Amino acid sequence: MIPFAWVKALPSWLRLPVAEQSVWKWIVLFLILGCCALLLRPVSRLSRRGSDRQPLLQAVARLALPLFFLLATPAVAYFALAQINLIGPVASLIQLVATAIMFLAGAWIVWRIAPVLAEVIIATPKINTESIDAHLIRICTRLLGIVAAVGLLAVGAGQLGLPVYGIVAGLGVGGLAIALAAQPTVENLIGGLSLFADKPIRVGDLCRYGSDEGTVEAIGIRSTRIRAGDRTLTTVPNGMFSKMPVVSLAQRDQMLIQSVIGVRYETSPEQLRYLLVKIREALLSHPQIDRDRVRVRFVGFGASSLDIELFAYVKTKNRPEFLSVREEVFLQVMDIVNQSGTGFAFPSQTLYFGRDSGLDAKKTDAAEAQMRQWSDEGRLPVPNSSPEQTRENKIDPPPGLQTGQPVDRTRDTL
C-alpha cells in the first residue's frame, strides 16, 4: 500500500532511524493511532445508549466498546507490521500488545454478552423485569459470562507466556480473603435464592413484613424494595427479609371486617336482641358480604359498655372496594343503633353517695363493761384460759383442748 518510490522520494530526515525505525514510520503509526482515538469518542457515546426502561437496548449498546477494540486492534497491527513494516523489538512489542488487547476485548465481549442473553430471555411476556425470576436469570448469565471471560483470559495469558497456575493459586488465596469480607453479601444472595424458591411474594403484591406494610416494587438478588403507604421506598437486604414473617396480602381471596361495638349499659335485653337481629339482617342483605361466614354476637361486658362483635368477609381482593363496603356497613350499624333507642358507650364512671351510720354506742359500752368485769374477777377467758374457766364461762375450748392435743400458744391473740 506504500510504494517504495514514495518512500525514496521522502526527505532524508524522514528516513533517519529512531529505535531502529525510520521517522516516517513513527509518524504514520501515530497517525493511525490518532484516527483510532478519534473513532473511540463516538463509540464510547454509543455504548452509553439505552436506559433502565430499555434494558435490552442498553445491554446491546454496551457491546460497542469491546467490539471496537476487538476489530481495531488487528487492523492497527496489520498496518504496523505488514504495511509500515516495523521491525525488531518494536514489532515484537506491537504484536505482544495486540495479542493482549484482543484477548482482553474478547473476555470483555463475553462478559457483556451475558446481560444481552439475560434480557432476551426476560423479554418474554411471562417474566416480570423486576421479579426475582428476572434477577436470578441475570445473575446466572453474569456468572456464566464471568467464568467464560476468566477462561479466555487464562488462554490469553498462556499465549503470552505468563505463569497461569501461579496466578490461579494467588487468586485462590485472595478469593478466600474476599469471601470472608463478603459474608453479608453472600448471606443476602442466599436469602434471595430462598425467596426465589419459596416465592412468598411477587412484584406488585401488597405484603406485611414485620410490623410494616407496603407494595413490592422489585425483588433483587441482594435486596428487596418495598413502597410503603406514605410513598417512601424501603430497601430491605434479602438476608434480613428472609428471616422476617412475611404476609402476602395480595393472595387472599376475601377481606375481613372485624369490629367490636360498645353500647350503653342502660340498653335493655330486648334492645340488645333487636340490635343483633338487625345487624345480622343488614350484613346478610349486602351483596358483597359472604353470607356463609357472617357472625354478630354479644361477646361480653366491658368496663363501660355492652360489647357486640361484628365479623364478616367481603368478597373482594381490591382494597379500595373493601374500604367502601366497610364504610357502608359501619354507617348502617350507626343507623340501627339509633333506631333501637340506645346509643354507643363511652368511658364513664358512676359514683354512689350514702350515709355512714357510725358505731353503736350502747353495744360498745356493754362490751367494755363485760371485759372489765371478767378482769376484776380474775377469770378472763382469753388468751390463756384453763378448761375449767372455759366451762364455767360457757366458752367453747380450742380444738387442741377438746382432743387432748397441745395447743400452740404463740398464735393466741387478744
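All of the numbers you see were taken from the coordinates with simple rules; none came from a lab. Since this is a predicted model, take the numbers as computed values, not measurements. FYI the Cβ positions are ideal-geometry reconstructions off the backbone, even for glycines, and counts take in every protein chain you see.
Counting neighbouring beta carbons within 10 Å and listing from fewest to most, the residues Phe196, Phe330, Phe353, Phe4 come out as Phe353, Phe4, Phe330, Phe196.
Counting every other Cβ atom within 10 Å of each residue's Cβ, Arg372, Arg48, Arg202 order from fewest to most as Arg372, Arg48, Arg202.
Counting charges near Glu187 (Lys, Arg +1; Asp, Glu -1) among other residues having Cβ under 11 Å from its Cβ returns a value of +2. With neighbour counts taken as other beta-carbon atoms within 10 Å, the residues Lys363, Lys278, Lys25 rank, fewest first, as Lys363, Lys278, Lys25.
Database remark: amide H of Val299 closer than 5 angstrom to the amide H of Asp307, Ile308, Glu309 (H placed geometrically; neighbours at sequence offset of 5 or more, or on other chains; Pro and chain starts carry no H).
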